[in-house]
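Presented below is the structure to which this report refers.
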Amino acid sequence: MNEVAEGFVYFIGAGPGDPGLLTVRGQQILDHADLIIYDRLVSLQILQILPDETPKICAESLPGCHPERMEVLVDLMITNASKGLKVARLKGGDPLLFGRGSEEIEPLIAKNIAFEIVPGVTAALGASAYSGIPLTHREFSSAVAFITGHEKAGKPDSFLHWPEISKFPGTLVFYMGVKRAHVIQSNLLEQGMSPQTPVAIISEATLPQQKQATTVLGNLTNLVAQENFEPPAIIIIGPAAKYLGLWGWRNKLPLGNASVLISRPKGQGADFSAKLKNLGANVFQFDSMIIKSPDDWSSVDHEIKNLDSFDWLVFTSANGVEKFLQRFLQLGFDIRILLHLKIACIGPSTALALKLFHVYPDLIPPRHDAEGLIEALTPLVKGGKVLLARASEGRALLSQELSKICQVTDLHVYSQGPPSQEQIDNIKKMLSHTSMDYVAVTSSNSAKVLFESLGDLLTPGIFAGKTKVVAISQLTSEEVKNLGWGSSLSSVSFTTDGMIDEMIKDWSKEEA
Ligand code: SAH
């Protein structure tokens, strides 16, 4: 009898940290999972792109230690999959490389639970690409070995045979090795490997806080101590390691190696961050606000079914566009139903979100705020019916003013919430060992929330002139001053491109 439950468990490789390295398949599953169980190794940047509404559990927060915790974890997957849920088990790097993936999969087979494995970019490959170390090379390395540094040397059942490893004809990549660098160094030297063999260490590879250094085998332990390397890090040993830093193409870019922390509502500013990355910056993001779907969609559904009766559809944020139109499509409506409607967007980012649905706005006011929208709409909507699809926390001014001249339905398609404590704690940990060159705030509110959440760690750098605040407008700059952070660089064009221009100008002075 086929006893396969309707539920499913997906083992997904999250890659080494940069969310850009998550596979398309992995992302698709994560967007629609009912429960996400992730490892501590999964980066903050990946956690930030997971849907806010999906329940998430950190595997390391489950009770007990290995192996009891493993039992709890497996039970959790089995119970939820048996209920018919889609469980995404998100693991760092590749799920089957040094991640105890098989220990989690085998019990599912025993219970007839259906599963899928989605590979991920393993740490060695991420570190190799992002530090410019070719793991193979026609001149000197025709093979690569991925080795755990964690296994105790000399234990009777050890799988690590140091005599063979030391003679390996290629590049050695040690995972979980920083805390056991002395064991790796002494074993390889004892087996006759040259103390002059090149070595590279890369921690938090592919993340903006990636740290890297190179030395020779005889000095490996010293380097780990001197530079204070902490896990997660990998150690690359062999002639390839001397390539570290040689290619250095990133340093030559206009914002080469500048560290930028962007504070903006979740889901916004993706192109801002992509442009900064393209210019060579290390970009950190702080979600100053999270976005939640309505608990009850009935009023949204009602207005969607009633769209015939409206003349104008007005959007004041990219999130509003997404939430409204995704629901519209989910209900099975054809986009041509919008044909009779005039559509207004508050500004270019909102219009861009709309264009992703292949819909073009009829109106974008020259001034991108509620006042600008009211001014531009007033002559056009008199006596008509307007549907405002926006956040429940939207400014009252817009509906109040428009209601004076037309019939307005203020429809709440999402609500905004404060940043999670988990995110704040993760960024605090990162800020305790990485200093920022720029803090970019895209609104007064995102400046305020950043100040309240992370001010204690950012303020000393700002006062010392090491960290500069970059504001999107003069108004936001005023807010920064009111918060006590002093003067900031401010975009003259009210756009994130203007902020980038200010940073480039400033960074070229710093570099000079
Ligand atoms: N399944 C993972 C490995 C898990 S073992 C993978 O395929 O990458 C955990 C070890 O992986 C860490 O101790 C470290 O050695 C390595 N690691 C994971 N992410 C890393 C990163 N971003 N930078 C450097 N090393 C990393």
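Here are the numbers for this structure:
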{"item": "Protection proxy ranking, peptides 280-288, 51-59, 180-188, 25-33, average beta carbon neighbours within 10 Å, highest first", "result": "280-288, 180-188, 25-33, 51-59"}
{"item": "Amide H partners (placed H, <5 Å) of Gln285, local residues excluded", "result": "Ile262"}
{"item": "Highest to lowest packing among 256-263, 424-431, scored as the average C-beta count within 10 Å", "result": "256-263, 424-431"}
{"item": "Share of carbon and sulfur in the accessible heavy-atom surface of the chain [1.4 Å probe, %]", "result": "54 percent"}
{"item": "DSSP-defined antiparallel bridges as percent of all bridges, segment 293-417, nearest 5", "result": "0 percent"}
{"item": "Förster-model FRET efficiency, 60 Å R0, Ala225 and Lys382, C-beta, rounded to 0.05", "result": "0.20"}
{"item": "Karplus-derived 3J(HN,Hα), 6.51/-1.76/1.60, for each residue of segment 203-214, Hz, glycine and proline x", "result": "10, 6, 4, 6, 9, x, 8, 3, 10, 8, 7, 10"}
{"item": "Amide proton proximity set for Ala213, modelled H, under 5 Å, gap of 5+", "result": "Ile201"}
{"item": "Full-extension gain in nm, His182 to His433, via 0.36 nm per residue minus C-alpha separation", "result": "88.0 nm"}
{"item": "Set of lysines near Lys323 by C-alpha distance (under 18 Å), chain-local residues within fewer than 8 positions excluded", "result": "Lys266, Lys292, Lys305, Lys355"}
{"item": "Total formal charge among the other residues, if their Cβ is under 15 angstrom from that of Asp296, Lys/Arg +1 and Asp/Glu -1", "result": "-1"}
{"item": "Met176 long-range amide H proximity, modeled H, under 5 Å", "result": "Gly149, Ala233"}
{"item": "Surface per residue (accessible, 1.4 Å probe) for segment 8-121, Å²", "result": "44 Å²"}
{"item": "Fully extended contour minus Cα-Cα distance, from Glu371 to Leu339, at 0.36 nm per residue", "result": "8.8 nm"}
{"item": "Within the chain, percent of DSSP bridges classed antiparallel, to nearest 5", "result": "25 percent"}
{"item": "10 Å beta-carbon shell around Leu397, net charge (K/R +1, D/E -1)", "result": "-2"}
{"item": "Cα-projected label distance for Lys292 with Gln474, points at 7 Å along beta-carbon direction, nm", "result": "3.8 nm"}
{"item": "Listed residue pairs exceeding 25 Å between alpha carbons, taken from Lys86/Lys429; Lys428/Lys509; Lys211/Lys466", "result": "Lys86/Lys429; Lys428/Lys509"}
{"item": "Computed label-point distance, nm, for sites Glu190 and Ser415 using a 7 Å Cα→Cβ extension", "result": "6.3 nm"}
{"item": "Trypsin sites (Lys or Arg not before Pro) restricted to segment 357-421 and DSSP loop, no more than 11 other C-beta within 10 Å", "result": "Lys382, Lys404"}
{"item": "Anisotropy class of segment 160-246 from Cα gyration tensor, a/c 1.5 cut", "result": "prolate"}
{"item": "Phi-based couplings in Hz for segment 251-265 (Karplus 6.51, -1.76, 1.60; Gly and Pro marked x)", "result": "4, 7, 6, x, 10, x, 6, 6, 9, 10, 9, 9, 10, 7, x"}
{"item": "Surrounding net charge for Leu44, when Lys and Arg each add one and Asp and Glu each subtract one, Cβ distance under 15 Å", "result": "-3"}
{"item": "Residue-by-residue Karplus 3J(HN,Hα) for segment 395-405, coefficients 6.51, -1.76, 1.60, Hz, glycine and proline x", "result": "5, 5, 3, 4, 6, 4, 5, 5, 4, 5, 10"}
{"item": "Rounded, prolate or oblate (a/c below 1.5 giving rounded, otherwise prolate when a/b exceeds b/c) for segment 38-191 by Cα gyration tensor", "result": "prolate"}
{"item": "Cα gyration tensor category, rounded, prolate or oblate, for the chain with a/c compared to 1.5", "result": "oblate"}
{"item": "Nearest-0.05 FRET efficiency for Asp456 and Phe140, computed from C-beta distance (R0 45 Å)", "result": "0.35"}
{"item": "Packing rank of 194-204, 161-171, where each peptide gets the mean count of other beta carbons within 10 Å, highest leading", "result": "194-204, 161-171"}
{"item": "Cross-link partners of Lys56 among aspartates and glutamates (Cα-Cα below 15 Å; sequence separation of 8 or more within a chain)", "result": "Asp31, Asp34, Asp39, Glu422"}
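The values are calculated or read from the model by the stated rules, or taken from the named source; none is laboratory data. The shown structure was predicted, so the numbers you read here are calculated from the model rather than taken from an experiment. So basically every Cβ, Gly included, is an ideal-geometry build from the backbone, and we count neighbours across all protein chains shown. Please note that ligands, DNA and RNA were not included when accessible areas were found on the heavy atoms of the full protein model with its side chains. Shrake-Rupley method; radii C 1.70, N 1.55, O 1.52, S 1.80 Å.
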